[in-house]
Structures are given as structure tokens and as C-alpha cells.
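Notes for the one structure printed next.
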Amino acid sequence: CGLCETARVARYLAQESARQCGPCLNGLAAIAGALAKLTKGDEQAARRVTRWADQIRGRGACHHPDGAARFVASGLAVFAHEIGPHASGRGCPHGHSHMLPIVREVR
């Protein structure tokens with residue numbers, strides 16, 4: 001499911017931020033949380049995610065929040081057809097299998 005993968009990658013991007021500015025510290029975490037809620041049936045989450053992604057662009061100390069916001073906006077646009085089944089509470093039409101590997105680098 002592309003929508004579930006978008007939510008998972010958004011969570012990863014929020015966790016990988018330097019947490020040095022408001023958009024990274026608060027914005028990316030809020031967006032990731034709202035995307036997770038969208039995959040579980042929160043009908044209002046798509047509007048919140050879109051609004052928040054627009055609000056953090058250009059406001060970070062670096063370009064990490066800008067890239068994350070563009071990624072999320074792209075995911076919502078490309079997988080728009082998957083929002084309806086999720087938002088209606090019917091659940092994921094594809095199951096929740098994770099296909100994209102997200103490997104944590106040991107630091």
C-alpha cells in the first residue's frame with residue numbers, strides 16, 4: 001500500500017531530523033502522526049497533513065523539512081485513490097506489508 005509506505009517513510013524522516021528547528025521538531029512528527037491516523041481511518045488527517053506540509057516549507061534551518069514535505073505531498077497525490085478506503089474505516093485495501101527497506105545506520 002503506497003499510502004502506508006508514505007506514512008512509514010514520513011515517520012522515518014521525522015525520526016532522522018536534527019530537531020534543531022520547529023519544522024523538524026514539531027512539524028515532521030505531527031505530519032507523520034497524522035499520516036498514521038489517516039491509514040487507520042481518520043478522515044480529517046489528509047487535510048491536516050496537506051496544510052502542515054505547506055506550512056513548514058521554507059521555514060526550517062536546513063532543507064530536510066522541505067524535502068520531507070514534498071515527499072509527503074507527492075505521496076498524497078500519487079496515492080490519492082487509496083485515501084478513500086483508509087478514511088472510510090474499511091482499512092488498507094492492500095494489506096500492511098512493508099516493501100521498502102528502511103535500514104537504520106549504526107552511528
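The values are calculated or read from the model by the stated rules, or taken from the named source; none is laboratory data. Remember, predicted model here, so these are calculated numbers, not experimental data. These accessible areas exclude ligands, DNA and RNA; they are computed on the full protein's heavy atoms, side chains included. Shrake-Rupley method; radii C 1.70, N 1.55, O 1.52, S 1.80 Å.
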- Considering only protein heavy atoms and a 1.4 Å probe, what is the carbon-and-sulfur percentage of the accessible area of the stretch 20-88? 56 percent
- Message: With a 1.4 Å probe and all protein chains left in place, how much accessible area per residue does the stretch 1-63 have, in Å²?
- Response: 52 Å²
